[in-house]
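Asks: What follows is a single structure, and I will ask about it in a moment.
The values are calculated or read from the model by the stated rules, or taken from the named source; none is laboratory data. Everything numeric here is computed off the predicted structure, so don't read it as measured data. FYI the Cβ positions are ideal-geometry reconstructions off the backbone, even for glycines, and counts take in every protein chain you see.
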Amino acid sequence: MGRNNLVKKQCVLLLSLIMLAGCADAAGEGGNVPAADTGVITLDWYVNYSWFVTDWGENMVSQKFTKDTGVDINFITPMGNETNKLESLIDSDSLPDIVTIGWWEPQIQTMLDRGMVYPLNELADMYDASFYDVTDDMVRDWYTMSDGNIYGYPNSTYTPKDLEEHDNIASNQTFLVRKDIYEAIGSPDMSTPEGFYNAVVKAAEMFPEVDGKPLIPIGAHEFEQDGCVSFDQYLQNFLAVPYEKDGVKYDRKTDPEYLRWLKLFRKLCEEGYLADDIFVDRRTQTSEKVSEGRYFCMLYQRTDLADQEKELYAKDPDKIYIAVDGPRNSNGDDPVLPSNGIVGWTLTFISKNCKDPERAIKFMDYMLSQDGQKLLYLGIEGETYDMVGDVPVMKEDVKKILSTDRETYDAIYGADDTYWMLQNNVMQLDWHMETEEPLKQLEEWTYPYTTYLGQYDVIINEDSEIGRIYSACRELWGDTLPRLLLAGSDEEFDEILEEYISQRTSLGYDRLMEEETRQMIENKKRLGME
């Protein structure tokens, strides 16, 4: 906390000097700037992620938004468990003015059932019709409920058409290796179980320690109540396990290719190559170990280690993580890696507790507008970037800070989607500046494999009968996956798997698959993918 305060004080001083040197007039940043109502109002904005720690009002971008809109923001984030905090806010009817949570969270249905959030379309009709201009027709239709209202608007959405029209849309999912260790063991082919096993064993033998600390041969995202994305969804995607067969939703968890690889990881675990750390570490601990370069290979989201990757690159460009071809199926098929779908990532709502819903919807609309997106992504022309012809070019001093110290960059400038809650990645492609190394290689590695898979996203009301089956099956898998990896033999693995399938069936899994198939078919119709 002390370091953060020091950074903030330094940034406020630097920002004051920069702003005194001259900041752009509000009217000079585009024609869609809303006329600020009299006086500045502070809106409380709840963001349901404990890792989001950037404040509002001290960096250039947030100050410019407040200057243009007359809205100041006070962010509220969970100190610990996100679910507990969100449910506490709901149960006490104390939702802040604006709320951002994952589109899949079951608490959304609770908020709707209790009438706790405004229909955005009604606010738009009353106060600001530009909402319909700055939002996407297909996305609005997707999130319009049976009562004809849209309550939350997403960020980071993609449609099938977006992927057809752009060849530089990246997936987040990557297979990573530490460059120097990978090259030291001969840059082996890790796409087969045999090659993967040999590479991991050799890396552990040649590099038992990293800077005096034990090497962790395989890294992963944290194990949660419903499993571990690294060892289920990501591994299945690397193996191109299908989502459907013959028009019916496919059971990916019992796919033979997937089970073959899962047994490989079981063997590696039995022999000590799956460290205990990966079963218990949370994101904070994993990030710390990434920054120390302690993992040999990882099935991981590239954006989740971007800051640590920059730190490693600044210390030694040979000790970074690079994306390489990892697990593949027996046919050697390319991975099938998802972009975001039309559902996006998070949904942002305006609560019925909002002290000024008119100012809130106007603020959201400005952030969603072209001018707002340009400010979110590029920052302020002349301060964070210059236009060279029609191309935005980031200033070298700004680029240096962005490449080496994201915390300081966020505190001083606040661009590059520091405030990602309403980011429009497709619109921002119009101003896309080439990603700098070392992140460029990670991003571009995914381009050939990125596929639209939004038709398979399902929304299950967990308070319904199907929802209870859905929750029970997810929790059962969350309990089963670590048991499979920790099994003492392939025979024990098979017994655990058989028990899982039997229990899942008794819970009503077949009914769940029928519902997911129904939604898949409906999604394809709505997306024009029939």
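Asks: Any residue at all in the range 100-108 that's in a loop (DSSP other than H, G, I, E, B), surrounded by 15 or more Cβ atoms within 10 Å (Cβ to Cβ), touching a residue at least 24 places away in the same chain (Cβ under 8 Å) and over 23 Å from the mean Cα position of the chain (by Cα)?
Replies: For the range 100-108, residues in a loop (DSSP other than H, G, I, E, B), surrounded by 15 or more Cβ atoms within 10 Å (Cβ to Cβ), touching a residue at least 24 places away in the same chain (Cβ under 8 Å) and over 23 Å from the mean Cα position of the chain (by Cα): absent.
Asks: May I pose another question? What do you reckon, is TYR118 in contact with a Phe, Trp or Tyr (Cβ under 9 Å, 6 or more places away or on another chain), farther than 23 Å from ASP417 by Cβ, touching a residue at least 24 places away in the same chain (Cβ under 8 Å) and not assigned by TED's automatic domain parsing to the domain that holds ASN81?
Replies: no
Asks: Something else about it: Go over the candidates GLY80, GLY57 one by one and state the one that is in a loop (DSSP other than H, G, I, E, B) and modelled with pLDDT of 95 or more.
Replies: Of GLY80, GLY57, the one residue that is in a loop (DSSP other than H, G, I, E, B) and modelled with pLDDT of 95 or more is GLY57.
Asks: Select from the range 447-473 the residues that are part of a loop (DSSP other than H, G, I, E, B) and of a type in the set (S, T, N, Q) and write down the one among them that is surrounded by the fewest Cβ atoms within 10 Å (Cβ to Cβ).
Replies: Among those that are part of a loop (DSSP other than H, G, I, E, B) and of a type in the set (S, T, N, Q), it is SER464.
Asks: What number of residues in the range 192-213 are small (Gly, Ala, Ser) and crowded, with 18+ Cβ neighbours inside 10 Å?
Replies: Result for the range 192-213: 3.
Asks: Of the conditions (1) closer than 15 Å to TYR449 by Cα; (2) among the aromatic types (Phe, Trp, Tyr); (3) in a helix (DSSP H, G or I), PHE175 satisfies every one except a single condition; which number is it?
Replies: (3)
Asks: While we're looking at this one, here's another question. Pick from GLU309, GLU288: which is assigned to a helix (DSSP H, G or I) and either of a type in the set (A, V, I, L, M, F, W, C) or without any contact (Cβ under 8 Å) to a residue 24 or more places away in the chain (or both)?
Replies: Of the residues listed, the single one that is assigned to a helix (DSSP H, G or I) and either of a type in the set (A, V, I, L, M, F, W, C) or without any contact (Cβ under 8 Å) to a residue 24 or more places away in the chain (or both) is GLU288.
So that you can scan it fast, the table gives a plain yes or no per residue for (1) without any contact (Cβ under 8 Å) to a residue 12 or more places away in the chain; (2) touching a Lys or Arg at 6+ places or on another chain (Cβ under 9 Å); (3) hydrophobic (A, V, I, L, M, F, W, C):
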position	(1), (2), (3)
ASP371	no, no, no
PRO392	no, yes, no
ASP397	yes, no, no
GLU434	yes, yes, no
GLU444	no, no, no
TYR456	no, yes, no
ILE459	no, no, yes
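Asks: Given the options LYS319, LYS395, LYS399, name the one that is over 30 Å from GLY186 (Cβ atoms), out of contact with any His (no Cβ under 6 Å at 6 or more places or on another chain), at pLDDT 95 or above and among the basic types (Lys, Arg).
Replies: Testing whether each residue is over 30 Å from GLY186 (Cβ atoms), out of contact with any His (no Cβ under 6 Å at 6 or more places or on another chain), at pLDDT 95 or above and among the basic types (Lys, Arg) leaves just LYS395.
Asks: Hey, ILE216 hits all of (1) in contact with a Cys (Cβ under 9 Å, 6 or more places away or on another chain); (2) crowded, with 23+ Cβ neighbours inside 10 Å but one; which does it fall short on?
Replies: Every condition holds for ILE216 apart from (1).
Asks: For the range 467-478, state whether one or more residues are without any contact (Cβ under 8 Å) to a residue 24 or more places away in the chain, of a type in the set (Val, Ile, Thr) and not assigned by TED's automatic domain parsing to the domain that holds ILE320.
Replies: Taking every residue of the range 467-478 in turn, none turns out to be without any contact (Cβ under 8 Å) to a residue 24 or more places away in the chain, of a type in the set (Val, Ile, Thr) and not assigned by TED's automatic domain parsing to the domain that holds ILE320.
Asks: When both residues are 6+ apart or on different chains and their Cβ atoms are under 9 Å apart, which pairs have a first residue that lies in the range 401-414 and is closer than 14 Å to ILE380 by Cα, and a second that is part of a loop (DSSP other than H, G, I, E, B) and among the small types (Gly, Ala, Ser)?
Replies: TYR409/ALA415; TYR413/GLY379; GLY414/GLY379
Asks: Every residue in the range 214-251 that is in contact with a helix residue (DSSP H, G or I) (Cβ under 7 Å, 6 or more places away or on another chain), within 24 Å of TYR295 (Cβ to Cβ) and aromatic (Phe, Trp, Tyr), please.
Replies: PHE223, PHE231 - these are the residues of the range 214-251 that are in contact with a helix residue (DSSP H, G or I) (Cβ under 7 Å, 6 or more places away or on another chain), within 24 Å of TYR295 (Cβ to Cβ) and aromatic (Phe, Trp, Tyr).
Asks: Taking the condition surrounded by 22 or more Cβ atoms within 10 Å (Cβ to Cβ), in contact with a strand residue (DSSP E or B) (Cβ under 6 Å, 6 or more places away or on another chain) and closer than 30 Å to GLN233 by Cα, does TYR321 pass?
Replies: Against the criterion (surrounded by 22 or more Cβ atoms within 10 Å (Cβ to Cβ), in contact with a strand residue (DSSP E or B) (Cβ under 6 Å, 6 or more places away or on another chain) and closer than 30 Å to GLN233 by Cα), TYR321 qualifies.
Asks: Does any residue of the range 256-271 turn out to be closer than 23 Å to ARG504 by Cβ, among the hydroxyl-bearing types (Ser, Thr, Tyr) and over 21 Å from the mean Cα position of the chain (by Cα)?
Replies: yes
Asks: For the range 237-258, name all the residues that are in contact (Cβ under 8 Å) with a residue 24 or more places away in the chain and buried (at least 17 other Cβ atoms within 10 Å of the Cβ).
Replies: ASN237, PHE238, LEU239, ALA240, VAL241, LYS249, LYS253, GLU257
Asks: Being more than 15 Å from TYR366 (Cβ to Cβ), touching a residue at least 24 places away in the same chain (Cβ under 8 Å) and either not aromatic (Phe, Trp, Tyr) or not in a loop (DSSP other than H, G, I, E, B) (or both) is the filter here; which residues of the range 126-146 pass it?
Replies: If the condition is that a residue be more than 15 Å from TYR366 (Cβ to Cβ), touching a residue at least 24 places away in the same chain (Cβ under 8 Å) and either not aromatic (Phe, Trp, Tyr) or not in a loop (DSSP other than H, G, I, E, B) (or both), then MET126, MET138, VAL139, ASP141, TRP142, MET145 are the ones that fit.
Asks: Mind listing whichever residues of the range 272-285 are assigned to a loop (DSSP other than H, G, I, E, B) and either aromatic (Phe, Trp, Tyr) or free of Cβ contacts under 8 Å to residues at least 40 places away in the same chain (or both)?
Replies: Passing the criteria: GLY272, TYR273, ASP276.
Each row is one residue, and each column tells you yes or no for (1) closer than 30 Å to ILE216 by Cβ; (2) out of contact with any strand residue (DSSP E or B) (no Cβ under 7 Å at 6 or more places or on another chain).
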| residue | (1), (2) |
| --- | --- |
| TYR151 | no, no |
| THR157 | no, yes |
| GLU165 | no, yes |
| ALA184 | yes, yes |
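Asks: Can you name the helices (runs of 4 or more DSSP H) wholly within the range 338-446 that have at least 3 residues being of a type in the set (A, V, I, L, M, F, W, C)?
Replies: Filter on the range 338-446 gives 357-368, 396-404, 439-446.
Asks: Would you call GLN503 farther than 20 Å from ASP232 by Cα and not hydroxyl-bearing (Ser, Thr, Tyr)?
Replies: No; evaluated as a whole, the condition is false for this residue.
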